[in-house]
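Structure record follows, encoded as structure tokens.
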Amino acid sequence: MKLIYALWGSGLDTALQSTQLHVLLQAAGVSRLQINVDDADVEAAMLRITTFDNPVPAVVSVWTDAAVDPEPISDLLAAISQRSAGWEVEETVRLEPPAMENGVRTTALAQIGFLRIPADLDPVEWLRIWQGQHTSVAIDTQDTFGYVQNRVLRTVHGSERVDAVVEELFHMAAMTDVHAFYGSGGDDAELQRRMTLMIESVTRFGAHTNLDSVPTSRYCYSL
């Protein structure tokens, strides 16, 4: 089982890397932990979109056995944050992110997206377009080397509405260089072609609106 949490508050980049917290999470049934934080390393990132009432400074992913109760995990993360929300998700890895040693920052801009199904689009059709059609467009039009889709199955903590969480890994230059983001090699015509295809694709399933996009640094741990 994979759970994803959005956390709000100050000092989360430090609090989330606490050995004591990791020990407590392990005792609660967590075997793997991923921390994504909007920190100084991604401060210059140009893509920031907020639908939540406040931007999300940290996203936490945990993996557990299916029988584990999420509540103690939720309580631990709530205790170190001012506000939190969590969801059980179905993970689909489209591009495998690079393996890193425990606690070592992935050399990447990890862009996290929170998606919501538009009211006028059937959820089954939304899923078909997102995972069946958009996936290849996203890979073909952007210079990513990690791409994970997480479909929300249920809310386990809080009341925030989210239907999917996406993580895409870009080279660090993509923070400030739109050509690096789209992999267009400095060719303005190719950049425009890729951007047009991407915008058309996200519009088909409503991901051009009512979303959050958060630039982060990414840290992984085996507990």
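The numbers here are math on the coordinates, done by the rules we state, and not lab data. Predicted model, so just to flag it, every value in this text is computed and none were measured. Using ideal geometry, Cβ is built from the backbone for each residue, glycine included, and neighbour counts are taken over all protein chains shown.
For the stretch 2-222, what does the relative contact order come out to in percent, with C-alpha contacts under 8 Å and a separation of six or more? The normalised contact order for the stretch 2-222 reaches 33 percent.
Only one residue of A174, T64, A189 has its Cα farthest out toward the positive end of the dipole of the stretch 2-222, where Lys and Arg carry +1 and Asp and Glu -1 on Cβ, and that residue is T64. Per-residue 3J(HN,Hα) values for the stretch 195-211, derived from phi via the Karplus relation 6.51 cos²θ - 1.76 cosθ + 1.60 with θ = phi - 60°, read 4, 5, 4, 5, 5, 4, 5, 5, 5, 4, 10, x, 8, 8, 8, 6, 10 Hz in sequence order (x marks Gly and Pro). When the Cα centres of the stretch 1-72 and the stretch 163-223 are compared, how far apart do they sit, in Å? Here the two parts' Cα centres lie 21 Å apart.
The fewest-to-most ranking of D143, D38 by surrounding Cβ atoms within 10 Å reads D143, D38. Placing unit charges on C-beta atoms (Lys and Arg positive, Asp and Glu negative, everything else neutral), compute the dipole magnitude of the chain about its Cα centre in debye, rounded to 20. In debye, rounded to 20, the chain gives about 200.
Considering only S31, S159, S201, the mean-square fluctuation computed in a Gaussian network model of the chain, springs between alpha carbons under 10 angstrom, is largest for S159. Cα convex hull, the stretch 37-81: 119 Å³ per residue, rounded to a whole number.
Note that the stretch 82-96 has calculated 3J(HN,Hα) couplings of 7, 7, 8, 8, x, 9, 7, 10, 9, 8, 10, 8, 8, 10, 5 Hz, one per residue in order, obtained from phi through the Karplus relation 6.51 cos²θ - 1.76 cosθ + 1.60 (θ = phi - 60°); glycine and proline are x. Among L197, L169, L77, L153, a tally of other beta-carbon atoms within 10 Å of each Cβ gives an order, fewest to most, of L153, L197, L169, L77. All alpha carbon pair distances within the stretch 2-222 were sorted into 10 Å bins beginning at 0; the resulting P(r) in whole percents reads 8, 34, 37, 17, 3, 0. Across L109, L16, L76, mean-square fluctuation computed from a Gaussian network of the chain (C-alpha pairs under 10 Å connected) peaks at L76. Relative to the dominant Cα principal axis of the chain, helix 70-79 is inclined by about 90°. Inverting the pair-averaged 1/r between distinct Cα atoms of the stretch 1-87 gives 13.5 Å as its Kirkwood hydrodynamic radius. So what's the Cα pair-distance distribution over the stretch 98-223, bin width 5 Å, in %? Once binned at 5 Å, the Cα pair distances of the stretch 98-223 give 2, 10, 18, 22, 19, 15, 10, 4, 1, 0.
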